Amino acid sequence: MAHVARWWLPEIPFARVAIMRAVIYLFLIYDIFFFRNDVIPHGYSPELYQPLWIGRALPLPEPSVGLAQTLQIVIVVGALIAATGRLPRLAGWTVALCYFEWLILSMSFGKVDHDHLALVIAAFVLPTIGRARFSDSGASRAGGWAFRCIQVAVIFTYFGAALAKWVRNGSPFMWGNSAVLTWAFIRRGTDIARWSLDYPWMLRIGQWVMLIAEYLSPVVLFLRGRWLYLAAAFFLGFHLVTYLTLGIHFLPTVICWLAFFPTEKLLPKRLHAPAV
């Protein structure tokens, strides 16, 4: 049990928390205006609303223009406050709840994106940490727990995708022998990708690499140092390739990969907070 507790409660510098918090909250604002920006338009067609399971299980309000505009204002104001480190719990919890409702309304009209999983978890666990400034010295186990939750959510984005392929295909490895990439490149492939349609064996190899990487992704949670950075480079490189070939960016997940890195080292030396 002691080993489990140490794994879930590592100490991380307060400065790392401050950086992550600023990045996440500012990205939430970007997300609702440029990625999940369909909530206000959905308010004009509430009859098309088909709530996700959680939207049916909880007494969440149905879409309307007024609700969407209110959520947008609260998220923007709350995220700006939380990003500065002020009112980290009050502003953070407010943003988390409003952003959660925003995503429910956005994804209850036919399309669910699993790339937001880690971002939602980040929005809910960051308020549990409390105050943390860029110049703070020392470290926080509360921050370590929150970051570990984000890390687990990042990795489950991949492992969960593998499990979904297993369930939908009836076999853990059938997806690797399918023609999914061929279909994807025909439907929405960029000029960079279309040449590969003449070499279907290459696409099948790519599918197997993706599938095996997704099944093995939990190993990343136990890597350290160079091996962790190599694993991160692989998955981030994968997202770069999917963006260049299919226009799929997965940026909400990419942002949350910051939870794996000692970002406090990027701060000017006069602000460095020594790790404990």
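The values are calculated or read from the model by the stated rules, or taken from the named source; none is laboratory data. This structure is a prediction, so every number in the text was calculated from the model and none was measured. When we count neighbours, we look across all protein chains shown, and the Cβ atoms used for this are built from the backbone with ideal geometry, even at glycine.
When you scan segment 239-248, do you find a residue that is modelled with pLDDT under 95, outside any helix (DSSP H, G or I) and closer than 15 Å to Ala161 by Cβ, even just one? Yes, the conditions are met somewhere in segment 239-248.
Out of Ala162, Ala142, one residue alone is in contact with a Phe, Trp or Tyr (Cβ under 8 Å, 6 or more places away or on another chain) and under 23 Å from Ala259 (Cβ atoms). It is Ala162. When each of Val95, Val76 is tested for being surrounded by fewer than 18 Cβ atoms within 10 Å (Cβ to Cβ), within 20 Å of the chain's Cα centre (by Cα) and of a type outside the set (Asp, Glu), the lone residue that passes is Val76. Looking only at segment 171-202, which residues are over 18 Å from Leu246 (Cα atoms) and not small (Gly, Ala, Ser)? Of everything in segment 171-202, those that are over 18 Å from Leu246 (Cα atoms) and not small (Gly, Ala, Ser) turn out to be Pro172, Phe173, Met174, Trp175, Asn177, Trp201.
Only a single criterion out of (1) out of contact with any helix residue (DSSP H, G or I) (no Cβ under 9 Å at 6 or more places or on another chain); (2) loosely packed, with under 13 Cβ neighbours inside 10 Å; (3) closer than 30 Å to Ala22 by Cβ is not satisfied by Phe222, namely (1). Checking Ser171, Ser196 one by one, the residue that is of a type in the set (Gly, Ala, Ser) and closer than 24 Å to Ile155 by Cβ is Ser171 and no other. Within segment 57-71, at least one residue is in contact with a Gly (Cβ under 6 Å, 6 or more places away or on another chain) and not in a helix (DSSP H, G or I).
Residue selection: Ile12 satisfies the criterion of being touching a strand residue (DSSP E or B) at 6+ places or on another chain (Cβ under 7 Å), surrounded by 15 or more Cβ atoms within 10 Å (Cβ to Cβ) and among the β-branched types (Val, Ile, Thr). The residue pairs whose first member lies in segment 105-127 and is touching a residue at least 12 places away in the same chain (Cβ under 8 Å), whose second member is in a helix (DSSP H, G or I) and basic (Lys, Arg), and whose beta carbons are closer than 7 Å, counting only pairs six or more residues apart or on different chains, are Leu126/Arg21; Pro127/Arg89. The set of residues in segment 28-53 being in a loop (DSSP other than H, G, I, E, B), farther than 16 Å from Val112 by Cα and in contact with a helix residue (DSSP H, G or I) (Cβ under 8 Å, 6 or more places away or on another chain) consists of Gly43, Tyr44.
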